[in-house]
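A.B. asks: The structure under discussion is supplied below as C-alpha cells; questions concerning it will follow.
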Amino acid sequence: MNAENALVPLPVLLPVLAAGVKILIGPRRPLLKRAISVVALAAVLAVAVALLVRADRFGPQAVRLGGWPAPVGITLVADRLSAVMLAVSSAVTLCVLVYAFGQDVAERDRDTPLSVFHPSYLLLTAGVCDAFLAGDLFNMFVGFEMMLMASYVLVTLGGTMARVRAGTTYIIVALLSSMLFLVAIAVLYAAAGTVNMAQLSWRIAELPGPVARIAEVALLAAFAVKAAVFPLSMWLPDSYPSAPTPVTAVFAGLLTKIGVYGVIRAETLLFPGDHLRRLLLVAALLSMLAGVLGAMVQIDVRRLLSFTLVSHIGYMIFGVALGSAAGLAATVFYVLHHITIQTTLFLVAGLIDRRGGATSLARLGGLARTAPLVGALFFVPAMNLGGIPPLSGFLGKLGLLRAGIAQGGALVDVLVAGAVLTSLLTLYSLVKVWNQAFWSAPPDDPPNDPRAGRRDDPRDDRPQGARAVRLPAAMVAGSTALVVLSLAYTAAGGPLYALCERAAAELLTPQTYVRAVFPSGGAT
Amino acid sequence: MGPSLVLAATGGTLVAAGVVLLLERSLSRLVVGVLVLSNGVNLLILTAGGPAGTAPILPSRGGPHRALSDPLPQAMILTAIVISLASAAFVLAIAYRGGRLSGDDDVRDDIEDLRVRRESEDDVGLRAERERRAVADPSELGAREEPDSDFPGGVPRDGRRGNGRRRDGRPRGGGRRDGQ
C-alpha cells in the first residue's frame with residue numbers, strides 16, 4: 001500500500017470518524033457539529049474527485065487493506081465507474097446536508113431529532129461509499145448493511161405514526177433483500193470458493209451454466225429490490241414520501257442507484273454475456289411503464305416523484321441489458337444525471353411544501369406568482385427529467401435510444417418505443433404538477449398556514465403567517481447548487497459523456513479490473 | 001465428503017418457516033420471521049464452506065490428521081449474525097413504538113393506495129366529487145376502512161380530528177406526513 005492509493009479507503013473512513021466524533025461531542029455545540037459534517041463530506045468529495053482523476057488516468061486504483069494480498073485480504077477498488085459514482089454522490093450528499101441545515105434552522109421540529117440525524121446521515125454516506133468501493137461481494141454486503149441500518153433510523157426519524165408505518169414496509173423489504181444477497185454470496189462461495197469479485201470473474205466462467213444462473217438470479221433479485229425494478233418496486237412509493245425531505249431526497253437519489261450499480265457490476269464483471277438479457281429487458285420495459293402510469297394518477301407531489309423514480313430506473317436497466325459499450329455508457333451517464341435530478345426534485349418538493357403549505361396538488365396553486373424562485377427551481381429539473389433538450393436528461397435518453405436502435409431486434413425496438421412513450425408521460429405528469437401548483441389559481445381557502453397542526457408547540461411564539469412565506473437561505477442554496485450541478489452536466493456534456501464511454505469500455509474489459517486487484521497475475 | 005445433509009435440511013426448514021412468518025401482518029411475527037430466515041441463510045453459508053474439520057490456523061496436535069475447517073464462512077456468518085441482531089432490535093423498537101401509537105403492531109395498508117383504488121372504482125364524476133369533499137373534510141379518506149382507528153398518517157396535515165389529542169391524552173405529535 002503506497003501513498004497514492006491510500007486515498008481509496010478515505011471516503012469510507014472520514015464519515016465514520018466524523019460520526020463518532022459528533023456522538024462524543026454530545027447534544028450541544030450544533031455549529032461545531034455542522035462544521036464537522038461539512039468538512040468531512042467536502043473532504044470526501046475532494047478525495048472522490050482525486051480518485052476519479054487518478055482512475056481515469058492510471059487505471060483502477062486498488063488497495064489491499066492490512067497488506068494482505070488478494071484474495072485473502074479485503075480489497076477496495078476504485079475504477080472509473082466507482083470513482084465517478086463516488087464523486088457525484090458525495091457532491092449530492094453535501095448539497096443535501098446544506099439543505100438540511102436550512103431546515104433545522106427554520107423548523108425547530110421535534111419530529112426530527114437532529115442529534116440523531118447527523119451521525120446517521122454520515123454513516124449512510126460511509127455505507128454508500130463502501131458499497132461503491134468494495135472489491136469483494138461480502139464487503140459490498142457490509143457496505144449495503146451500513147447504509148441500510150442508517151437508513152432505517154433516518155426513515156423512521158422521530159417515530160411518528162406515518163413514518164413508523166412507512167418505515168416498517170421499508171425495513172422488512174430491505175431485510176428480505178439482504179437475505180437474498182447473502183443467499184447469492186453463499187451459492188457463489190459454495191460453487192466458486194471465493195467472494196473476491198476479480199477472482200469470481202474468471203471462476204464463474206468455469207462454472208456449469210445452471211449453477212451460475214442460480215447465483216446470478218439471486219444476486220440480481222437482491223440488487224433489483226434495492227434499485228426498485230418493477231416487480232420488486234412496490235415498497236418504494238409507499239415508504240419514501242413520509243420521511244423528512246432531505247432523507248427522502250438522498251434516498252431517492254442514491255440508495256436506488258446503488259442497486260443499479262450492483263446490477264452493472266454483476267452484469268459486466270461477474271456474469272458477462274447475455275444469459276438474462278431478455279429478462280432484464282422485459283423488467284426494464286415494465287418498470288418504465290408501470291412507474292409512469294403510477295405517477296399519472298398521483299395527486300401528491302412526493303408520491304408522484306417516487307413513481308417517476310421507479311419508471312426512470314427502467315432506463316438504466318435498459319442500458320445495462322443492451323450490454324453494448326454504447327448502452328453502458330448511456331446508462332452510466334443516465335445514472336449520474338438521475339442521482340442529481342431526482343434529489344433536486346425531492347428537495348424542491350420540500351420547498352413547495354414549505355412555501356405552499358402542502359404537497360397535495362389539490363391544495364396547491366398560484367405559486368408561480370407568489371414564489372417565482374421555487375418555480376424556477378422546480379421547472380429546470382422537471383424539464384430535465386422529462387427529457388427536454390438540451391438538458392442532461394435528453395442527452396442520456398438520446399444515448400440510450402441510439403444504443404437501442406443500433407442494437408436492433410424486435411424486443412429492443414419495443415423498448416425504444418416504450419422509452420419514448422415513458423418520456424412523454426413523465427413530461428405529462430410533471431407538467432400536471434406545474435400547471436396545478438404554479439399556474440392555476442390559488443385554492444379557495446389558501447393553505448397559507450402550513451403549521452396549522454402545530455400550534456400546540458409551546459416554543460412557537462411567532463405569528464403564523466410570517467413563517468409560511470420565509471424560505472431559509474440554506475434550503476434554497478442547497479437546491480440551487482444541485483440545479484447548477486445538473487446544468488453543468490449539459491455544459492460539460494461532451495467531456496462527461498466521453499468519460500462515461502471510457503468507463504463503459506473499462507467495464508467491458510474485466511481484465512483491467514482483475515489486473516489491478518491481482519497485479520502479479522498469480523491468480524488461481 | 002459432501003456437505004452435511006442435516007445442516008442443509010435444517011437450513012431449508014428454517015427458511016421455509018421464516019417465509020411463512022414474513023407473510024403475517026403482525027410486526028412481532030415479522031421480527032421472528034426475519035430472525036429465523038437469517039439463521040437459515042447462515043446455515044446455508046456454513047454449508048457452503050464444505051465439511052467440518054479442525055479449528056483453522058491452529059495446527060492439530062496429535063491424533064489423526066484432519067483437514068482444517070474453512071474459516072471464511074464462519075467469519076461471514078459472524079458478521080451476518082451481528083447485522084441481523086441489530087436489525088431485529090431496531091424492528092422490535094419500531095414495533096413497540098407502533099404499538100404505543102396505534103394500540104397494535106399490525107402493518108397497515110398505504111392510505112394513498114386505498115385512495116387510488118377507490119378512485120379507480122368510481123366514475124370520473126364521482127371521483128371529482130370525492131376529491132372535492134376530501135379536501136373539505138379530510139376524514140373522508142382513510143376513515144372508511146378503519147372507522148375507529150386513531151391513525152393520523154391518513155389525515156392530511158390540517159385534518160386534525162377531535163381535540164388533537166391522542167387517546168392517552170398527550171398532544172398528538174404524529175399527524176403530519178412530512179415532519180417539516
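The values are calculated or read from the model by the stated rules, or taken from the named source; none is laboratory data. Since the structure is predicted, the reported quantities are computational estimates derived from the model, not experimental observations. Here Cβ is always computed from backbone atoms with ideal geometry, including for glycine, and neighbour counts include all displayed protein chains.
A.B. asks: crowded, with 22+ Cβ neighbours inside 10 Å, modelled with pLDDT of 90 or more, part of a helix (DSSP H, G or I) and of a type in the set (A, V, I, L, M): does that describe A:LEU236?
C.D. replies: The answer is no for A:LEU236.
A.B. asks: Taking A:ALA192 as meeting all but one of (1) aliphatic (A, V, I, L, M); (2) modelled with pLDDT under 90; (3) over 23 Å from B:ILE77 (Cβ atoms), write down the number of the exception.
C.D. replies: Only one criterion is unmet by A:ALA192, namely (3).
A.B. asks: Taking only the stretch B:12-33 into account, find how many residues are basic (Lys, Arg) and surrounded by 14 or more Cβ atoms within 10 Å (Cβ to Cβ).
C.D. replies: 1
A.B. asks: For the stretch B:4-38, give me each residue that is in contact (Cβ under 8 Å) with a residue 40 or more places away in the chain and either in contact with a Pro (Cβ under 6 Å, 6 or more places away or on another chain) or more than 8 Å from chain A (Cβ to nearest Cβ) (or both).
C.D. replies: B:SER4, B:LEU7, B:ARG25, B:SER26, B:SER28, B:VAL31, B:LEU35
A.B. asks: Quickly run through the stretch A:29-42 and pick out the residues that are in contact with a Ser or Thr (Cβ under 9 Å, 6 or more places away or on another chain) and either hydrophobic (A, V, I, L, M, F, W, C) or exposed (fewer than 15 other Cβ atoms within 10 Å of the Cβ) (or both).
C.D. replies: Those that are in contact with a Ser or Thr (Cβ under 9 Å, 6 or more places away or on another chain) and either hydrophobic (A, V, I, L, M, F, W, C) or exposed (fewer than 15 other Cβ atoms within 10 Å of the Cβ) (or both): A:ALA40, A:LEU41, A:ALA42.
A.B. asks: A further question on this structure: State the number of residues belonging to the stretch A:242-285 that are assigned to a helix (DSSP H, G or I), within 14 Å of chain B (Cβ to nearest Cβ) and over 19 Å from A:HIS312 (Cβ atoms).
C.D. replies: Adding up the residues that qualify gives 3.
A.B. asks: Of these, A:LEU76, A:LEU154, which one is assigned to a helix (DSSP H, G or I) and either in contact (Cβ under 8 Å) with a residue 12 or more places away in the chain or more than 13 Å from chain B (Cβ to nearest Cβ) (or both)?
C.D. replies: Checking each option against the conditions leaves just A:LEU154.
A.B. asks: Another question, if that's okay. Could you please give the count of residues in the stretch A:185-212 that are outside any helix (DSSP H, G or I) and either more than 18 Å from A:ALA70 (Cβ to Cβ) or within 8 Å of chain B (Cβ to nearest Cβ) (or both)?
C.D. replies: 3
A.B. asks: Follow-up. Can we say A:GLY135 is more than 8 Å from every other protein chain (Cβ to nearest Cβ) and either farther than 23 Å from A:VAL47 by Cβ or more than 19 Å from the chain's Cα centre (by Cα) (or both)?
C.D. replies: yes
A.B. asks: So in the stretch A:398-422, with the set limited to residues that are of a type outside the set (A, V, I, L, M, F, W, C) and in contact with a helix residue (DSSP H, G or I) (Cβ under 6 Å, 6 or more places away or on another chain), which one is farthest from A:LEU377 (Cα to Cα)?
C.D. replies: A:GLN407
A.B. asks: Here's another thing I want to ask about it. Please enumerate the residues belonging to the stretch A:222-241 that are away from chain B (no Cβ under 14 Å) and closer than 18 Å to A:LEU148 by Cβ.
C.D. replies: Correct list: A:PHE223, A:ALA224, A:LYS226, A:ALA227, A:ALA228, A:VAL229, A:LEU232.
A.B. asks: Can you pull out the residues in the stretch A:164-184 that are farther than 26 Å from A:LEU219 by Cβ and more than 7 Å from chain B (Cβ to nearest Cβ)?
C.D. replies: A:ALA166
A.B. asks: Sticking with this one: Among the residues of the stretch A:67-120, which ones are modelled with pLDDT of 90 or more, within 24 Å of A:SER201 (Cβ to Cβ) and hydroxyl-bearing (Ser, Thr, Tyr)?
C.D. replies: Of everything in the stretch A:67-120, just one residue is modelled with pLDDT of 90 or more, within 24 Å of A:SER201 (Cβ to Cβ) and hydroxyl-bearing (Ser, Thr, Tyr), namely A:SER82.
A.B. asks: Only residues that are charged (D, E, K, R) and either crowded, with 24+ Cβ neighbours inside 10 Å or closer than 21 Å to A:ALA215 by Cβ (or both): list them for the stretch A:256-301, please.
C.D. replies: Listed by number, the residues that qualify are A:LYS257, A:ARG265, A:GLU267, A:ASP274, A:ARG277, A:ARG278.
A.B. asks: Would you pick out the residues in the stretch B:15-69 that are at pLDDT 75 or above and basic (Lys, Arg)?
C.D. replies: Selection gives B:ARG25, B:ARG29.
A.B. asks: Since A:THR359 meets every condition but one in (1) surrounded by 24 or more Cβ atoms within 10 Å (Cβ to Cβ); (2) more than 14 Å from chain B (Cβ to nearest Cβ), which condition does it not meet?
C.D. replies: So the condition that A:THR359 fails would be (2).
A.B. asks: Let me ask something else about it. On the given criteria, is A:ALA481 without any contact (Cβ under 8 Å) to a residue 60 or more places away in the chain and either surrounded by fewer than 22 Cβ atoms within 10 Å (Cβ to Cβ) or closer than 19 Å to A:SER89 by Cα (or both)?
C.D. replies: Criteria not met by A:ALA481.
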